[in-house]
């Protein structure tokens, strides 16, 4: 499937991290969802990066 | 000083929430110091250095919340903890009532928001690349707001984005305005016909604000990342950003911004700009000769002129020469003979480097870097990665900036304190109010030592910003700060003050 172009059309945002940004977008009426994020792998960044790489070949399903 | 630590296991909170909790706790009477941090090894080291760590805190892990309080009594410490708990509970309740339970994963988020187009990622730098990779693989464009993202990760992510026809905006450039939507730090500017592609966060903000002030608007503003034009990254995102703006029917004029490109990247960029097919203005920090505009303000005004079919003639100041002379005299008034240097305390990286370039044009002994080194003229950028580990950006939290303003203002060799104020979405609700106490303290300390202290600033913002350009400017001016219409003009005035005393 071809990627949707960045410019033109709607911008619908998934926010990961600072809630401040999602709050700002929501106040402006921009469709946004905030992920309840936790540091993965018990807060070990190296292990988290390894885990993410092993997940690369598994596309994230939207449904 | 009695000291207590409280730990809540597996309780992650983002850095802005932690900052707010710290403030709530410090407002409790009889509390002398408070800190709320996640228990990462770096944060525990910070707490230890600050003398705020006990054995209980020391045992915390990276996903545990550590509350540290130095208070006069146990009751005050408990009251501070209660204040933090109340604030957290209120936050949870607001979230729960405002929306369904939040998704805990990207897959869950995509179910909650079908047709999502973009991920805005602002987790700590060590985790940011992994989150960005997941979003790209899921077919989302990414704005990577996080600082402290390793260069290798940036290159790999941008290659992955290119392969998939996606944008990876950022890092080290936490701003964009896409289809009128402000992402990260961005200002309230009208839609219009000027498109911006920027390898510079505050550069993008300054230029879009100047364009708005001149009565034009922004079609799209794409922040490609502060390192994108280095030879290591090679303009991996500048290229598709320029192609997208060239193809965008709403964009009539293109404005390109960034640090001076690497040697190889400069060649390919020049060739790309030559075949854009649209009028273009370019500003490169540290090497204005490589572009077509000498400052950010000139880049904006040149783009406006191109859109209107007129010509922009750069000028050093907006005000007439005699008005500038009066400002210089006012600033230099009551400075002592030993006060020789300009000291900048900034939160915008591009603005800091622009100021350094302009100071160097008329002063010797200007420190080249922005991390506070050098004994002569210097400009520190508190948004630099070294200052933002485990802390909110200084545009959100003025704590570190207040310390630097008092330190630089207290140096008997400082003649002019040079400041930037950045407004907009995502920034602190009252940036002037955040730093004015420190400016007043620095002034008082100088007066007590028989000296004056000039304070010169510029405000990057618009009338539509939540903080209001006029209100912020008025608050600074009421405190005796000389406010110029652009960062370039503020830096030039600061240099003139120092030169006038020779």
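Nothing in this text is a laboratory measurement; each read-out follows from the coordinates by a stated rule. Source: prediction; values computed, not measured. Using ideal geometry, Cβ is built from the backbone for each residue, glycine included, and neighbour counts are taken over all protein chains shown.
For the stretch B:107-308, the relative contact order comes to 16 percent (Cα pairs under 8 Å, sequence separation of at least 6). With each label modelled as a point 7 angstrom along the Cα→C-beta vector, the residue B:231-residue B:413 pair spans 3.5 nm. Across chain B, Cα pairs under 8 Å and at least six residues apart give a relative contact order of 11 percent. The distance from the alpha carbon centre of the stretch B:427-479 to that of the stretch B:140-200 is 30 Å, rounded to a whole number. At q = 0.15, 0.23 Å⁻¹, what base-10 log of I(q)/I(0) does the Debye formula yield for the stretch B:279-400 when every alpha carbon is treated as an equal point scatterer in vacuo? Values, matching the q order: -0.91, -1.26. Per-residue mean of foreign Cβ neighbours for B:172-183 is 3 (Cβ atoms of other chains, 10 Å radius).
Annotation: the residues B:230, B:268, sorted from fewest to most other C-beta atoms within 10 Å of their own C-beta, follow the order B:268, B:230. If you average the C-alpha positions of the stretch B:50-70 and of the stretch B:302-332 separately, how far apart do those two centres end up, in angstrom? So the separation of the two Cα centres works out to 52 Å. Listed from fewest to most Cβ neighbours within 10 Å, the set B:306, B:118 follows the order B:306, B:118. The stretch A:1-45 and the stretch B:212-289 have Cα centres lying 25 Å from one another. With contacts taken as Cα pairs under 8 Å and at least 6 residues apart, the stretch B:3-98 reaches a relative contact order of 40 percent. The spread of Cα positions in the stretch B:321-499, taken along each principal axis and listed from longest to shortest, comes to 41, 33, 33 Å.
Entry note: chain B has Rg to Rh equal to 0.98, where both radii use alpha-carbon atoms and Rh is the Kirkwood radius. Cβ-to-Cβ counts within 10 Å put B:216, B:322 in ascending order as B:322, B:216, the fewest first.
Per residue of chain B, the DSSP helices (runs of n ≥ 4 H) give a summed -39500 (n - 2.57) that works out to -13000 deg cm²/dmol at 222 nm.
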